[in-house]
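**Student:** Please read through the structure below; I'll follow up with questions.
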Amino acid sequence: MLASTDSRIHATDAIAVIFAAQHSGRDTEGYRLAAAAMDALAAQQPGFLGMDHSSSAEGFGITVSYWTDDASAKAWRDNPEHAAARESGRARWYTRYTIHVARIERGYAWP
């Protein structure tokens, strides 16, 4: 399993966007480059708080991005570069995905 985490606890009422996807196995280098570009672009967006990633050897991955508010999360959804990458994902990189948007009620960390 590959993982990267943002170990900060995010504020109550922050928004978590949970993206779970099965990778198609096609164009893995293109996917890797696009994912890195989207991570960097997301980090530049107003309201971005952080991101956690995890993926299995079988290609199932989960990314959770954190935002100060719903308007910031929606602005990221509507970003033209992100929208283009999303279309590429649908056409090439994913066999399926789900997105859930949640408001953080509380958080814990260890250690």
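**Student:** Among the trypsin sites (Lys or Arg not before Pro) within region 20-111, which fall in a DSSP loop and have no more than 11 other Cβ atoms within 10 Å of their own Cβ?
**Tutor:** Working: sites: 26, 32, 74, 77, 86, 90, 92, 96, 103, 106; in loops: 26, 106.
Within region 20-111, the qualifying trypsin sites (Lys or Arg not before Pro) (loop, at most 11 other Cβ atoms within 10 Å) are 106.
**Student:** Let me spell out the model: positive unit charges on the Cβ of Lys and Arg, negative unit charges on the Cβ of Asp and Glu, origin at the Cα centre of the chain. What dipole size does that give, in debye rounded to 20? Walk me through the numbers on the way to the answer.
**Tutor:** On the way: 11 positive and 13 negative charges, 47 e Å.
So the magnitude is around 220 debye.
**Student:** Under 1.5 on a/c is rounded, so check that first for region 9-54, then, if it is not, pick prolate when a/b is larger than b/c and oblate when it is not; a ≥ b ≥ c are the square roots of the alpha carbon gyration tensor eigenvalues.
**Tutor:** On the way: a/c = 3.55, a/b = 1.80, b/c = 1.97.
Cα axes put region 9-54 in the oblate bin.
**Student:** Any idea what diffusion coefficient the chain gets from Stokes-Einstein, in µm²/s, Kirkwood Rh on alpha carbon pairs, 4 °C, 1.567 mPa s?
**Tutor:** On the way: Rh = 14.5 Å.
The estimated diffusion coefficient comes to 89 µm²/s.
**Student:** ³J(HN,Hα) across region 36-47 via Karplus (A = 6.51, B = -1.76, C = 1.60, θ = phi - 60°), whole Hz, x for Gly/Pro?
**Tutor:** Values per residue, Gly and Pro as x: 5, 5, 5, 4, 5, 5, 4, 4, 8, 7, x, x Hz.
**Student:** Moving on to the next point. Given the rule -39500 (n - 2.57) for each run of at least 4 DSSP H residues, summed and divided by the residues of the chain, what is its mean residue ellipticity at 222 nm, to the nearest 500 deg cm²/dmol? Write down the numbers at each step before the final one.
**Tutor:** Values: 3 runs with 34 residues, N = 111.
It comes out at -9500 deg cm²/dmol, rounded to the nearest 500.
**Student:** Expressed in nm to one decimal, what extension gain is obtained for the pair residue 105 and residue 36 from 0.36 nm per residue of sequence separation less their Cα-Cα distance?
**Tutor:** Values: separation 69, 0.36 × 69 = 24.84 nm, distance 2.91 nm.
This chain segment gains 21.9 nm when fully extended.
We did not get these values from a lab; they are worked out from the coordinates using the rules stated. Remember, it's a predicted structure, so these values are computed and weren't measured experimentally. A quick note on method: Cβ atoms are made from the backbone with ideal geometry, for glycine too, and the neighbour counts reach across all protein chains shown.
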